[in-house]
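Trainee: This structure is in structure tokens; I'll ask about it shortly.
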Amino acid sequence: MQTDNKYKQQAGLSMSDFRAELAEFLEHYPNIQYIDTLLPDTNGIVRGKRFPVSAARKLDKGCYFPGSVFSLDITGTTIEDTGLGLDIGDPDRHCRVVPGTLAPSAVDPERIGQVLLTMLDEEGERFLYEPRNLLANLIDSYTVSGYKPVVALELEFYLIDPKRDEQGDIQPPIGYLSGEREIRSQLYTVDGLDDFSGFLSDVNELAQLQGIPADTAIAEASPGQFEINLRHCDDPVAACDHAVLLKRLIRSVARRYNYEATFMAKPYAEFTGNGLHIHTSLLDQFDRNVFSLGDGQDSDTLHQAIAGSLALMPDTVALLCPNVNSYRRMAPDMYVPLNASWGHNNRTVSLRIPFSDGGNRRIEHRLAGADANPYIALSVVLAGILYGIENKLTPPDAVTGNGLNQTHPVLPCRPAEALACLNNSKELPNYLSKEFLDTYVVLKQNELRQFEQHITRLEMDWLLTTA
């Protein structure tokens, strides 16, 4: 794992070693008074508990959370239809500390530390309903197949003014240096970065403190929109740990500057949405990139991986686009793929093969919104790749030109349709836990019902006096 943090992941570190890790951590940060334990739920929302340092020493034996934490909807309400709550007595599950994740908290790095948790079942095995474990189990399949995925995640987000406009809607932020509100698209402008340099500098500093390998910061196409890239990593689970912690860090730093940070897929109707782009390459046992040949050309393995990803893509939209708002991002001419397609150096397709030399040949999966749970999204990406390779599938021809205007298999663009595709998937349960997928469908169907029962302001404006 690539990290500048002294407290890096250590293979084979047992729970009993946490006390030594904590002692070393406190030597470097003697003012720490509390340790926050962090457990990301199905929606990627971080749940947890705060321990005084004196009590945190007992975390070498783990701690307990109810398994129903993975049946919480986006509002934090337990969805009993998942079967993880009261029907089984809402029992506690044993959680253990994730080695190497102890770091100062972005909330208050002087006084508060943080550490990730992962949940176990009654037999001490990975709890099937935890997204982090969903990914970890899939990585085991890759190990058996002799491949090592190398991944990099790119997160887009908006900074917004906490003060709403006259209509009560969100609005872009006022630049910290210029004192002016952003109103125009300024893709790749360095001046746009300068106006928010203090915020970005603090994000970078805290990311280094937490061992998060944040890399390039980009001013994106819309006012107040940014992208931060994470450096490639050969530990996919750790890469998603970084993404979850980076989102939490960005929100915390934004509050210091009197901004709100949102990873909502489509916060503005008129501007582009926020995406989670995932880059993946595969190494063999000799650390050679199997996606390219010796002469730098695409390999058959790459084409098989593309074919598998495209074949499973309709069934996985509900996992990559988890919320009702996610589908508002899927609009024409907004740099969001609307069909299952691929191409070289082309941002209008679902699977982009970026320009690179053979050693860096990779697939960029462009469908997920930034609101997706990183563990689930990467599980989807890796499941498609493995499905294609194991079945030696052949992809359609690569797209040239604007793929949005060409005929390709159309992806479901409504939540109910996407959930139906996921629920009826024949192949996906062979790669991702059926128990997890069934529970996920129940959870998201319940959220959709709640949304559809809500009467919107637009309905009142249109129909109250006309219907």
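Trainee: With crowded, with 24+ Cβ neighbours inside 10 Å and of a type in the set (Gly, Ala, Ser) as the only criterion, which of 341, 299 stands out? I'd like the intermediate steps shown before the answer.
Mentor: Values: 299 fails: crowded, with 24+ Cβ neighbours inside 10 Å.
The unique qualifying residue is 341.
Trainee: Just give me the residues in segment 400-414 being crowded, with 20+ Cβ neighbours inside 10 Å and touching a Phe, Trp or Tyr at 6+ places or on another chain (Cβ under 6 Å), in sequence order.
Mentor: First, pick out the residues of segment 400-414 that are crowded, with 20+ Cβ neighbours inside 10 Å: 403, 411-412.
Passing the criteria: none in range.
Trainee: Additional query: For residue 265, state whether it is open to solvent by 10 Å² or more (accessible area, probe 1.4 Å), touching a helix residue (DSSP H, G or I) at 6+ places or on another chain (Cβ under 6 Å) and over 20 Å from residue 138 (Cα atoms).
Mentor: Working: open to solvent by 10 Å² or more (accessible area, probe 1.4 Å): no; touching a helix residue (DSSP H, G or I) at 6+ places or on another chain (Cβ under 6 Å): yes; over 20 Å from residue 138 (Cα atoms): yes.
So residue 265 fails the test.
Trainee: Please go through segment 352-373 and give me each residue that is under 17 Å from the mean Cα position of the chain (by Cα) and within 21 Å of residue 311 (Cα to Cα), ordered by number.
Mentor: 363, 364, 365, 366, 367, 368, 369, 372
Trainee: Same structure again: Can you tell me which residues in segment 349-392 are polar (S, T, N, Q), assigned to a loop (DSSP other than H, G, I, E, B) and within 18 Å of residue 422 (Cβ to Cβ)?
Mentor: Passing the criteria: 350, 373.
Trainee: Still on this structure: Determine whether segment 422-431 contains at least one residue that is basic (Lys, Arg) and in a helix (DSSP H, G or I).
Mentor: No: zero hits.
Trainee: On to the next question. Restricting to segment 268-296, and then to whatever is in contact with a Phe, Trp or Tyr (Cβ under 7 Å, 6 or more places away or on another chain) and closer than 30 Å to residue 161 by Cβ, can you tell me which residue is most open to solvent (accessible area, probe 1.4 Å)?
Mentor: So the residue we want is 272.
Trainee: Check whether at least one residue in segment 247-264 is in a loop (DSSP other than H, G, I, E, B), in contact with a Leu (Cβ under 9 Å, 6 or more places away or on another chain) and of a type in the set (Ser, Thr, Tyr), and report yes or no.
Mentor: If we filter segment 247-264 for residues that are in a loop (DSSP other than H, G, I, E, B), which is where we start, we get 257-259, 263-264.
Now narrow it down to the ones that are in contact with a Leu (Cβ under 9 Å, 6 or more places away or on another chain): 257, 259, 263.
Right, trim to of a type in the set (Ser, Thr, Tyr) and you get 257, 259.
Yes: segment 247-264 contains one or more residues that are in a loop (DSSP other than H, G, I, E, B), in contact with a Leu (Cβ under 9 Å, 6 or more places away or on another chain) and of a type in the set (Ser, Thr, Tyr).
Trainee: Filter segment 140-163 for residues that are part of a helix (DSSP H, G or I) and open to solvent by 10 Å² or more (accessible area, probe 1.4 Å) and give the result.
Mentor: 140, 141, 143, 144, 145
Trainee: Let me ask something else. Anything in segment 202-218 that is small (Gly, Ala, Ser) and open to solvent by 10 Å² or more (accessible area, probe 1.4 Å)? List them, or say none.
Mentor: 214, 217 - these are the residues of segment 202-218 that are small (Gly, Ala, Ser) and open to solvent by 10 Å² or more (accessible area, probe 1.4 Å).
Trainee: Give me the residue from segment 1-45 that is surrounded by fewer than 16 Cβ atoms within 10 Å (Cβ to Cβ) and either in a strand (DSSP E or B) or of a type in the set (Asp, Glu) (or both) and, out of that set, modelled with the lowest pLDDT.
Mentor: Within segment 1-45, the match that is modelled with the lowest pLDDT is 4.
Trainee: Given the options 395, 314, 332, 337, name the one that is assigned to a loop (DSSP other than H, G, I, E, B) and at pLDDT 95 or above.
Mentor: 395
Trainee: I would also like to ask the following. Scan segment 182-201 for residues that are part of a loop (DSSP other than H, G, I, E, B), open to solvent by 30 Å² or more (accessible area, probe 1.4 Å) and at pLDDT 65 or above and report the count.
Mentor: 3
Trainee: Among the residues of segment 196-228, how many are free of Cβ contacts under 8 Å to residues at least 24 places away in the same chain and of a type in the set (Val, Ile, Thr)?
Mentor: Qualifying residue count for the region: 1.
Trainee: Please go through segment 92-139 and give me each residue that is under 23 Å from residue 252 (Cβ atoms), open to solvent by less than 30 Å² (accessible area, probe 1.4 Å), more than 19 Å from the chain's Cα centre (by Cα) and modelled with pLDDT under 95, ordered by number.
Mentor: Listed by number, the list holds a single entry, 100.
Trainee: Which ones in segment 361-392 are open to solvent by 10 Å² or more (accessible area, probe 1.4 Å) and closer than 23 Å to residue 294 by Cβ?
Mentor: 361, 362, 389, 392
Trainee: In segment 431-453, what residues are β-branched (Val, Ile, Thr) and within 23 Å of residue 308 (Cβ to Cβ)?
Mentor: Matches in segment 431-453: 441 only.
Trainee: Among the residues of segment 317-329, count how many are part of a helix (DSSP H, G or I) and either free of Cβ contacts under 8 Å to residues at least 60 places away in the same chain or polar (S, T, N, Q) (or both).
Mentor: Of the residues in segment 317-329, 2 are part of a helix (DSSP H, G or I) and either free of Cβ contacts under 8 Å to residues at least 60 places away in the same chain or polar (S, T, N, Q) (or both).
The values are calculated or read from the model by the stated rules, or taken from the named source; none is laboratory data. Quantities reported herein were computed from a predicted structural model and do not represent experimental measurements. Here Cβ is always computed from backbone atoms with ideal geometry, including for glycine, and neighbour counts include all displayed protein chains. Ligands, DNA and RNA are excluded from the accessible area calculation, which covers all protein heavy atoms including side chains. Shrake-Rupley method; radii C 1.70, N 1.55, O 1.52, S 1.80 Å.
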